[in-house]
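The values are calculated or read from the model by the stated rules, or taken from the named source; none is laboratory data. Predicted model, so just to flag it, every value in this text is computed and none were measured. As a convention, Cβ positions derive from the backbone with ideal geometry for all residues, glycine included, and neighbour counts pool all protein chains shown. Remember, those area values only see protein heavy atoms, side chains included, never the ligands or the DNA or RNA. Shrake-Rupley method; radii C 1.70, N 1.55, O 1.52, S 1.80 Å.
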Amino acid sequence: MTYYENERRELAPMLPNLRGKRVLELGCGGGRMSRWLKNDMGAAYIFGVELDPEAGAEARQFLDEVHIADLDTFELPDDAQFDVVICADVIEHLKDPWAVIQRVLSHVVQGGYLVTSTPNIRNWRIIKDLVVGGDFPYEAYGLRDRTHLRWFTQKTIVGFHREVGMRVDEVGYVPLSGRTAQLDRATQGRLRDFLIGQHVVRSQKP
């Protein structure tokens, strides 16, 4: 599946209660995740921002409001207010994610949430290529997506949430599968931070 079509149901355990909530999805793609958030998770209203015009146009059939815009320069309407902000594979593409998220958080209610998922630069595949092969081969998507401008470990993404003024209340990861999950169980989680593909962090506005 492409970025624009992915529902991201694997993020469910890290999401707060969305029933009756107003949600801002940054990088809403074609709207598949928002459709799931409304139909299955009970979100009342979803506002999306998407850079790709074709994907954004498709998302309009699922979201309440969609803006086609560059997040690095986009300004939310003055009266916009949200309970939850979701950034699934977004902030690593931004020139200045700190500035973007701080602007967005001014529209989040006290006690509201920020949820991010970010590729793990500490993944063993990347370390192997760097240390053994002396290489960092860019790809069309995934950990080494050629459009990534920023890189995060668990420590740096947790630090990011704190730097933008949020209180971190849950740190997790996209579930492992196949041989990677088997290795994680065999090593009792001791190598987990090298096996994880994506970190997921949830924080709350104090």
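Would a scan of the stretch 32-55 turn up a residue that is within 14 Å of the chain's Cα centre (by Cα), farther than 26 Å from residue 151 by Cβ and hydroxyl-bearing (Ser, Thr, Tyr)? For the stretch 32-55, residues within 14 Å of the chain's Cα centre (by Cα), farther than 26 Å from residue 151 by Cβ and hydroxyl-bearing (Ser, Thr, Tyr): present. Do any residues in the stretch 52-74 that are touching a residue at least 24 places away in the same chain (Cβ under 8 Å) have Cβ atoms under 9 Å from those of residues that are in a loop (DSSP other than H, G, I, E, B) and open to solvent by 60 Å² or more (accessible area, probe 1.4 Å), where the two are at least six apart or on different chains, and which pairs are they? Filtered contacts from the stretch 52-74: 55/2; 66/60; 71/51; 72/95; 72/96.
Can you find a residue that is open to solvent by 40 Å² or more (accessible area, probe 1.4 Å), at pLDDT below 95 and touching a Lys or Arg at 6+ places or on another chain (Cβ under 6 Å) anywhere in the stretch 126-146? Lay out the reasoning, then the answer.
Within the stretch 126-146, the subset open to solvent by 40 Å² or more (accessible area, probe 1.4 Å) is 127-128, 130-141, 146.
Subsequent filtering for residues that are at pLDDT below 95 retains 127-128, 130-141, 146.
With the extra rule that they be touching a Lys or Arg at 6+ places or on another chain (Cβ under 6 Å), the set shrinks to 138.
Scanning the stretch 126-146 turns up at least one residue that is open to solvent by 40 Å² or more (accessible area, probe 1.4 Å), at pLDDT below 95 and touching a Lys or Arg at 6+ places or on another chain (Cβ under 6 Å).
Residues that are touching a helix residue (DSSP H, G or I) at 6+ places or on another chain (Cβ under 9 Å) and within 15 Å of residue 122 (Cα to Cα) were ranked within the stretch 149-171; the one that is surrounded by the most Cβ atoms within 10 Å (Cβ to Cβ) is 157. Within the stretch 89-112, the set of residues being open to solvent by 20 Å² or more (accessible area, probe 1.4 Å) and either in contact with a Leu (Cβ under 8 Å, 6 or more places away or on another chain) or of a type outside the set (A, V, I, L, M, F, W, C) (or both) comprises 89, 93, 95, 96, 102, 103, 106, 107, 110, 111. Selection of the stretch 17-67 for residues being open to solvent by 40 Å² or more (accessible area, probe 1.4 Å), touching a strand residue (DSSP E or B) at 6+ places or on another chain (Cβ under 6 Å) and more than 27 Å from residue 170 (Cα to Cα) yields 53, 60, 64, 65, 67. Among the residues that make up the stretch 128-139, is at least one of them within 18 Å of the chain's Cα centre (by Cα), over 28 Å from residue 69 (Cα atoms) and among the β-branched types (Val, Ile, Thr)? Checked against the condition, which is being within 18 Å of the chain's Cα centre (by Cα), over 28 Å from residue 69 (Cα atoms) and among the β-branched types (Val, Ile, Thr), the stretch 128-139 yields no hits at all. For the stretch 65-113, the set of residues classified as of a type in the set (Asp, Glu) and closer than 14 Å to residue 29 by Cα consists of 65, 70, 89, listed by residue number.
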